[in-house]
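Presented below is the structure to which this report refers.
Coordinate-derived values only; no laboratory data. Bear in mind that the values here come from a model prediction, so they are computed numbers and not experimental data. Backbone-built Cβ (ideal geometry, glycine too); neighbour counts: all protein chains shown.
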Amino acid sequence: MTLPNPLGRRAPRLARRAAATGGVALALSIAGAVVDRAAFFEAWLASWLFVLGIALGSLVLLAIHELTGGDWGAVLGPQLDAAALTLPLVALLGVPLAFGLDVFPWTHADVVAMSAAVAAKHWYLNVPAFLARNAAALIVWSALALALCRPARVPRRAAVVALLVYFVTVTLAAVDWVASLVPEWYSSAIGIELGALQLVSAFAFVVSLTLMRRATVTPRQLHDLGNLLLTLVMTWAYFAFAQYLVVWGADLPHETSWYWARTQTSWRYLAIVIVVATFALPVAALLSRDIKRSRTGLAVVCAIVLAAAWCCTFWLIAPSLRPAGFALHWQDIGALLAVGGLWLAGVALVAQQSPRRVPAIEVSTHA
């Protein structure tokens with residue numbers, strides 16, 4: 001049995017395997033939701049936010065390339081298009097979360113009544129407004145992806161609009177999906193930190209997919225991709241550390257409460273893993289010219305960064321819901337396989353159609 005394809009061709013092997021994995025994991029997750037409803041929605045939120053980050057980050061990278069140019073866009077273009085064009089699918093995968101918003105404390109009347117700070121935010125943090133904001137954002141993001149991923153020449157103003165819209169909406173999304181899990185807490189930098197993480201995740205993913213598809217990438221192009229990944233990793237680390245330094249250094253209870261669960265409990269060990277895998281190891285590896293010019297070496301670094309990006313997304317979500325200490329539920333892995341598998345199948349199907357206007361790249365091993 002093969003997956004249906006709009007072009008009538010046999011679905012690629014990656015799509016078939018990803019869809020099969022995602023389908024089985026989805027069935028197990030739904031069964032698990034019957035037993036532990038809260039664990040299902042907590043796990044689904046973290047995995048969905050991770051996949052959303054890759055799709056959104058790909059959209060931003062497309063807009064940046066439209067404005068700046070560069071050979072890297074020709075190499076990664078088809079994969080960036082494929083990931084960005086799955087935003088409608090990501091929106092569909094986010095629908096279950098609308099039925100599990102009770103994981104957010106501000107949806108409980110007793111929490112609102114007990115905290116003056118939460119009550120003051122109730123005009124913004126309420127279910128109808130939350131659903132309306134995020135539905136509008138997903139629609140706008142999907143429309144921007146369709147505008148940027150087309151065979152015809154993309155007007156530069158469309159890329160400018162995409163970036164401006166992203167900078168506003170990613171902050172709103174970070175406040176809604178991350179910060180509001182601790183509704184007394186706020187940070188003006190959480191949006192830019194999440195945005196930087198999305199760019200790192202997207203770049204690591206599309207480079208991995210490009211190398212997996214065995215597209216022609218010369219050693220010089222590999223070198224450039226390695227340098228770009230190094231830049232994005234260091235940018236994310238800067239924003240993440242700057243926010244931590246400002247918040248923790250200020251030592252204000254309503255601000256440090258968010259970091260307390262992440263640094264003063266067993267969650268700190270995951271934080272150490274994230275620092276090492278998302279920053280220290282990639283930076284050390286990407287300073288090597290030989291690794292940057294090696295397909296295998298760069299692929300390994302991208303795989304480490306991508307896995308660490310999921311850990312980071314999980315770290316942004318889970319400690320707010322499990323403040324006592326590190327806890328990994330089997331549903332966390334099930335949701336990742338379900339959301340990730342179904343989404344990856346969509347990426348593979350879209351990538352087969354190659355909507356990008358650059359010529360198809362053939363396999364070559366020559367510089």
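Odds and ends about this structure:
- Relative to the longest principal axis of the Cα atoms of the chain, the long axis of helix 71-84 makes an angle of roughly 50 degrees.
- Spacing of the two label points (7 Å from each Cα toward its C-beta) at SER288 and ASP102, in nm: 5.2 nm
- Helix 330-353 axis versus longest C-alpha principal axis of the chain: approximately 30°, rounded to the nearest ten.
- For the chain, the longest principal axis of the Cα atoms and the long axis of helix 13-35 meet at an angle of about 10 degrees.
- Over the chain, the pair-distance histogram of Cα-Cα distances with 10 Å bins from zero comes to 5, 24, 34, 26, 10, 2, 0 percent, rounded to whole numbers.
- Per-residue Karplus couplings for region 164-170, computed as 6.51 cos²θ - 1.76 cosθ + 1.60 with θ equal to phi - 60°, are listed in order as 5, 5, 4, 4, 7, 6, 5 Hz, Gly and Pro entered as x.
- ALA158 versus CYS311: modelled label distance in nm, points set 7 Å from Cα along the beta carbon direction: 3.9 nm
- Helical runs (DSSP H, four residues minimum) scored at -39500 (n - 2.57) apiece and divided by the length of the chain put the mean residue ellipticity at 222 nm at -24500 deg cm²/dmol.
- Per-residue HN-Hα couplings for region 249-265 [Karplus 6.51, -1.76, 1.60; θ = phi - 60°; Hz; x = Gly/Pro]: x, 5, 6, 9, x, 5, 9, 6, 4, 5, 7, 4, 5, 8, 10, 10, 10
- Our estimate of slack between ALA327 and VAL246, defined as 0.36 nm per intervening residue step minus the Cα-Cα distance, is 26.4 nm.
- Hz values of 3J(HN,Hα) by residue in region 199-214 - Karplus curve (6.51, -1.76, 1.60), Gly and Pro given as x: 5, 4, 4, 5, 5, 4, 5, 5, 5, 4, 5, 4, 5, 5, 7, 6
- Sequence of CYS149, CYS311 once ranked by neighbouring C-beta atoms within 10 Å, starting from the fewest: CYS311, CYS149
- When each of PHE167, PHE279 is scored by the number of other beta-carbon atoms lying within 10 Å, the sequence from fewest to most is PHE167, PHE279.
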